[in-house]
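Some notes on the structure that comes next.
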Amino acid sequence: MNSLDLPSAARPFRPFHRSAVAIVLTLAAMGSAPAFADTTLYVAGVGGSTEQMYKNRVIPAFEKQHNVKVVYVAGNSTETLAKLQAQKGRQQINVAMMDDGPMYQALQMGLCEKLSDAPIYKDLYPLARLSPEATGIGVVATGIGYNEDAFKKRGWAAPDSWENLTDPRFKQLLGMPPVTNTYGLHTLVEMARLRGGGEKNIDPGFKALKDEIGPNVLAWVSAPGEMDGMMQNGDIVMAVYGSGRAVALQGTGFPLKFIYPKEGGIALQVAACSVTPNAQSELAQAFIQYVLSPEVQEIQARENGFAPVNQTVKLPDDVAARMPYGPEKVNALIKVDWETINPQRSEWTTRWNRTVER
């Protein structure tokens with residue numbers, strides 16, 4: 001990644017020439033616009049609606065405040081982690097924003113520097129402090145999404161439990177993410193827990209996914225957009241969903257209902273860290289603190305369904321209802337043990353491909 005090449009003014013000045021005066025007036029009107037900043041900050045995060053939100057609603061104010069050009073490097077969390085690994089020791093990314101699973105991998109690899117002390121961190125929910133080097137910047141919940149109209153037409157009660165995924169009524173009407181997707185991985189761990197296992201004994205989860213849930217699955221779908229399409233087309237009536245993804249589909253007017261199963265929804269955090277080594281460490285730390293501010297936390301909630309990790313944020317009731325907002329909901333979320341999961345992910349993926357999604 002190259003830094004921004006900026007044009008230089010090389011023309012000789014001609015006193016009172018009208019075109020020169022126009023240029024001077026234009027530059028004066030622009031003031032210290034970020035486009036003329038000498039410093040560039042590279043921020044990596046997911047693409048799609050999140051990228052557009054950051055580019056249009058979040059980044060411009062930071063650029064103006066710090067006289068810096070922010071370049072958003074789009075990619076899913078796995079891709080961002082791969083870039084950090086490939087660039088280890090000569091990092092081009094300054095701030096990395098990833099799902100909590102890949103972020104824990106980055107921490108284990110020593111790819112993040114310690115977060116600077118700042119008052120903003122005292123305002124966060126305890127679950128947001130992933131480590132001294134990384135913080136959650138938004139949280140969604142993994143739960144169950146269903147087509148409310150389709151359920152009413154069939155006279156079915158709304159789902160309320162992870163166990164509903166095993167109900168034979170939903171044969172070939174269920175959409176499921178695979179284990180390579182965080183939602184699918186959460187389901188695997190939760191089913192293992194409900195069958196007497198957990199992260200350290202995953203066998204019951206694999207058995208439940210293969211024998212109890214598998215017959216109901218029409219398709220194992222990695223791409224959220226594809227899952228939305230199947231739901232809209234009526235191919236499926238229920239799926240494991242993230243609360244943030246549910247907000248996006250609900251925004252189209254589709255009658256998707258998202259529920260937190262009675263056993264608990266599962267926390268999925270978007271996390272951020274300042275990469276090491278870092279040529280713009282101070283700015284990277286400032287950017288993370290800026291994202292944690294109440295103003296940006298509210299933007300994320302309204303635009304993308306990321307529930308605030310900053311406890312001081314006040315959301316309108318209609319926005320708050322779409323996400324795990326407030327101490328009661330946030331503290332009720334189930335957390336998974338990424339430090340146990342991550343060393344086994346490759347093995348679990350191979351096993352999944354051999355035994356479940358064949």
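The values are calculated or read from the model by the stated rules, or taken from the named source; none is laboratory data. Computed from a predicted structure; not experimentally measured. Note that we place each Cβ from the backbone using ideal geometry, even for glycine, and neighbour counts take in every protein chain shown. To get the accessible areas, we keep the full protein, side chains included, count just its heavy atoms, and leave off ligands, DNA and RNA. Shrake-Rupley method; radii C 1.70, N 1.55, O 1.52, S 1.80 Å.
Here are the numbers for this structure:
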read-out	value
Calculated on alpha-carbon atoms, Rg and Dmax of the stretch 173-244 in Å	12.3, 39
Over 18 Å (Cα to Cα) - which of LYS262/LYS335; LYS207/LYS257; LYS153/LYS257; LYS114/LYS335; LYS152/LYS257 fall in this group	LYS207/LYS257; LYS114/LYS335
Additional length obtainable on full extension of the chain from ALA82 to THR349, 0.36 nm per residue less Cα span	94.4 nm
GNM result for the chain, Cα springs below 10 Å: residue of PRO308, PRO327, PRO261 fluctuating most strongly	PRO327
Charge dipole of the chain about the Cα centre (unit charges at C-beta), most positive-ward option of GLY136, LEU41, ILE334	LEU41
Where the chain is the region considered: accessible area per residue in Å², 1.4 Å probe	47 Å²
Rg/Rg_globular for the chain, with Rg_globular taken as 2.2 N^0.38 Å and Rg from C-alpha atoms	1.12
Amide N proximity, the stretch 172-216 versus ARG358 label position 7 Å along Cα-to-Cβ, cut-off under 12 Å	210-211
Value of [θ]222 nm, deg cm²/dmol, for the chain, DSSP H segments ≥ 4, -39500 (n - 2.57) each, nearest 500	-10500 deg cm²/dmol
Extended-chain gain in nm, criterion 0.36 nm per residue less alpha-carbon gap, ASP160 and ARG195	10.8 nm
10 Å binning of all Cα-Cα separations within the stretch 128-223, expressed as whole percents from 0 upward	14, 42, 30, 12, 2, 0
Carbon plus sulfur fraction of accessible area for the chain, probe 1.4 Å, in percent	50 percent
